[in-house]
Amino acid sequence: MTRVDCENVGRAAMATEDGYVSELSADQIEAHLADCSDCRGEVRELRALANLLDGQKRKQRTENIWERVEQHLPAALPPRSRSRVGRAFVILGLLLLGYRLLEIVPNRHLGLLFKLVPILLVIAAFSYLRENPFRINTQLTLEGR
Amino acid sequence: MDDQTAIQRCRAGDKEAFRHLVERYQAEAVGHAIGILGNREDALDAVQEAFIDCFQALDRVDLTRRFYPWFYVILRNRCYKLGSGRKKREVSSADETEILAPTASIQPEDRMLLERALHELPAEDRELITLRHLDGLSYQELAERLEVPQGTIMSRLHHARKKLRDKLARFSFTGVSGD
């Protein structure tokens, strides 16, 4: 529970002015302000400041930065969807799990080709994502450089 | 073209659709970045970097929500990253740093004092005060953009306003005496 002291009342009084429902009720705030001239003065000043600020407008800017932005946009469009990547790996995981379950079935005779299935699945996944897992990313930079 | 359509087109490889998003929000973004960084040149750098980050993250945008609040989180991260790594710039004109537009509600000399006091605040306080009072964001919207609970917004905003009041008092600014 919030204590009814000068700090909390000042904060709550201004928050109430801003339309926010604080933990102190309007009655608690008013009762404290009626008794405390310091808080009354402070809230009066802060209200005046808030009114002054409410009457101001942000300066309108007219900069056009498209050219600056366009120069630095990555050439590859669109950015690859994470959900697409995630989905591909989930499917890959499930297929590999299914493969593992098949592998532990006793008395199976699936031949040599069956052993290549995991490799083929991984190649298929990276082909689908058009991603080279052996590529070294030379564009990585350290923060602050 | 609405934002959702533009984002979907960007995802399909349409760079021009991204241009729509940049041109629609660049002015707002530059204004917000100046509100954090305090000068136009750094703000332009931050906005540029933020749009590039945004482009690369468009596949993670939730299309059921508005674009700009999502983009703002990227922008402010860029601003603070840039702000922490750079020395304060020398500025050649007031236009480079101005956050406030001239209005009939305040005399030009008082506006300059208010502007100066805002610039003397820490970036986080300046950001919070300008988002609340110049953009009229609610505590809920502030909490989403700044990624903190609403109770924290209440405390931080209260302290930020007290700091601003104290700075204005140091400049003998009489407009907030409350009399």
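Annotations
- Distance between the modelled labels on A:Q71 and B:L63, one decimal in nanometres: 3.3 nm (7 Å Cα→Cβ projection).
- Rounded to 0.05, the FRET efficiency of the B:D53 and A:A34 pair, given R0 = 56 Å and the Cβ-Cβ distance, is 0.65.
- log10 of Debye I(q)/I(0), alpha-carbon scatterers only, for chain B at 0.13, 0.16 Å⁻¹: -0.72, -1.02
- Percent of alpha-carbon pairs separated by more than 39 Å within the protein assembly as shown: 34
- Panel values: the stretch B:94-170, Kirkwood radius from alpha carbon pairs, Stokes-Einstein at 25 °C and 0.890 mPa s, translational diffusion coefficient 187 µm²/s.
- Over 24 Å between alpha carbons, listed pairs B:K81/B:K162; A:K57/B:K162; B:K15/B:K81; A:K57/B:K81: B:K81/B:K162; B:K15/B:K81; A:K57/B:K81
- Averaged over the residues of peptide B:44-50, the number of Cβ atoms from other protein chains lying within 10 Å of each residue's Cβ is 3.
- For B:E49, the shell of other residues with beta-carbons less than 9 Å away shows a net charge of 0, using +1 for Lys and Arg and -1 for Asp and Glu.
- Between A:L102 and B:S138, the modelled label-to-label distance comes to 5.7 nm, taking each label 7 Å out from Cα in the direction of the beta carbon.
- Straight-line cross-link partners of A:K115 among the aspartates and glutamates, defined as a Cα under 12 Å from its Cα and at least 8 positions apart when in the same chain: A:E103.
- Label sites at B:K81 and A:F114, each approximated as a point 7 angstrom past Cα along Cα to Cβ, lie 5.1 nm apart.
- Under 16 Å from B:K163, Cα to Cα: aspartates and glutamates that are on another chain or at least 8 residues apart: A:E7, A:E42, A:E45, B:E115, B:E120, B:E124, B:D125, B:E127
- Amide H contacts under 5 Å for B:L100, placed H, 5+ residues apart: A:K59
FYI, it's all coordinate maths here, none of it is from the lab. Since this is a predicted model, take the numbers as computed values, not measurements. Note that each Cβ is placed from the backbone with ideal geometry, even for glycine, and that neighbours are counted across all protein chains shown.
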